[in-house]
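The values are calculated or read from the model by the stated rules, or taken from the named source; none is laboratory data. Just so we're clear, the structure is a prediction, and the values are computed from it rather than from any experiment. All Cβ positions, glycine included, derive from the backbone under ideal geometry; neighbour counts span all protein chains shown.
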């Protein structure tokens with residue numbers, strides 16, 4: 001069982017499908033999919049289930065394919081309350097199972113397929129859900145709050161990373177090759193400054209979602225992560241000796257440095273986040289993926305444009321454009337995961353989780 005916002009899913013694949021459904025970046029690829037929430041008739045457990053659906057006005061139909069292999073639909077042999085995630089908001093209603101022998105079965109079939117082909121007609125049970133009138137108006141503020149959080153995070157973190165990254169980028173351009181201890185120390189100091197700025201912008205948004213979070217701990221953790229990442233990066237830039245090593249020796253060095261860089265922020269931040277959110281370990285992987293995407297975008301933008309002998313101002317402009325692209329990619333991914341993580345909290349652990357549900 002996987003836990004999703006105080007509701008349990010039957011398997012991790014179901015949890016992954018629900019993550020796609022709720023993620024601002026991927027939800028548009030999940031058309032026709034909804035999250036069905038209900039309380040088990042016999043177990044009393046709160047269950048979350050991804051299901052395909054068809055809707056007409058305030059009526060929703062879910063087909064139960066291969067009913068002999070499933071049991072969830074039996075909870076609605078007698079009408080029972082449910083909640084559905086439709087159009088970016090929660091709708092409440094009552095669900096009941098209709099079989100081919102029931103009077104309303106043909107009506108439900110017409111909702112599911114207004115122009116059915118004879119060959120496509122089935123006798124599978126159908127779950128007919130009557131949505132409560134106006135329930136979308138009650139729940140839409142919560143859905144908007146989740147989207148607002150993502151936009152707030154995306155904007156603030158993008159700006160914070162661009163402003164923060166300006167320090168090490170400008171330092172590296174101004175001092176040239178990092179071939180002396182003072183040059184390395186200058187870039188490293190600027191890198192720590194980047195972490196402080198980024199952590200400050202992130203903490204500002206996080207505090208709106210997790211009021212108990214101590215901003216100074218988050219900022220310090222981000223600065224520590226930036227220090228580790230820039231140490232690894234400077235080691236590669238300053239120690240060119242690895243380029244003369246055999247491939248079998250160079251690859252492990254590069255791989256180790258890359259792993260240190262992409263995981264350096266997520267790990268120390270997780271030590272702070274775990275005190276406030278359950279199952280927050282995924283933050284490490286999410287930030288790693290975000291930085292892989294962000295750094296790849298930065299390289300794709302700047303590498304073809306940076307050329308030897310360019311004016312210094314042009315080098316800085318190219319670096320700035322690359323930094324914006326990198327920051328936006330990183331902020332989009334981490335923001336999407338943050339919204340999902342908050343939604344996945346048991347209700348008593350996160351007031352925002354209740355608001356965005």
Scanning segment 64-83 for residues that are within 30 Å of residue 147 (Cβ to Cβ) and touching a helix residue (DSSP H, G or I) at 6+ places or on another chain (Cβ under 9 Å), which turns out surrounded by the fewest Cβ atoms within 10 Å (Cβ to Cβ)?
83
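Within segment 311-333, is even one residue assigned to a loop (DSSP other than H, G, I, E, B) and either modelled with pLDDT under 90 or within 19 Å of residue 219 (Cα to Cα) (or both)?
The answer is yes, given that some residue of segment 311-333 is assigned to a loop (DSSP other than H, G, I, E, B) and either modelled with pLDDT under 90 or within 19 Å of residue 219 (Cα to Cα) (or both).
Can you spot a residue in segment 252-267 that is in contact with a helix residue (DSSP H, G or I) (Cβ under 7 Å, 6 or more places away or on another chain), surrounded by 15 or more Cβ atoms within 10 Å (Cβ to Cβ) and not in a helix (DSSP H, G or I)?
Yes, segment 252-267 has at least one match.
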Residues to consider are 146, 200, 160, 195; find the one that is in the same structural domain as residue 330 (by TED's automatic domain parsing), crowded, with 18+ Cβ neighbours inside 10 Å and at pLDDT below 80.
146
Does residue 140 satisfy being over 18 Å from residue 295 (Cβ atoms), part of a helix (DSSP H, G or I) and at pLDDT below 85?
yes
Where a residue in segment 51-76 is without any contact (Cβ under 8 Å) to a residue 24 or more places away in the chain and its partner, wherever it lies, is exposed (fewer than 15 other Cβ atoms within 10 Å of the Cβ), with Cβ under 6 Å and at least six apart:
52/32
Have a look at 307, 243 and point out the one that is part of a helix (DSSP H, G or I), surrounded by fewer than 16 Cβ atoms within 10 Å (Cβ to Cβ) and either at pLDDT below 90 or outside the structural domain of residue 172 (by TED's automatic domain parsing) (or both).
243
Residues of segment 19-41 being under 26 Å from residue 78 (Cα atoms) and either in contact (Cβ under 8 Å) with a residue 24 or more places away in the chain or in the same structural domain as residue 335 (by TED's automatic domain parsing) (or both), which ones?
34, 35, 36, 37, 38, 39, 40, 41
Qualifying residue in segment 334-353 (condition: in a helix (DSSP H, G or I) and modelled with pLDDT of 90 or more):
yes
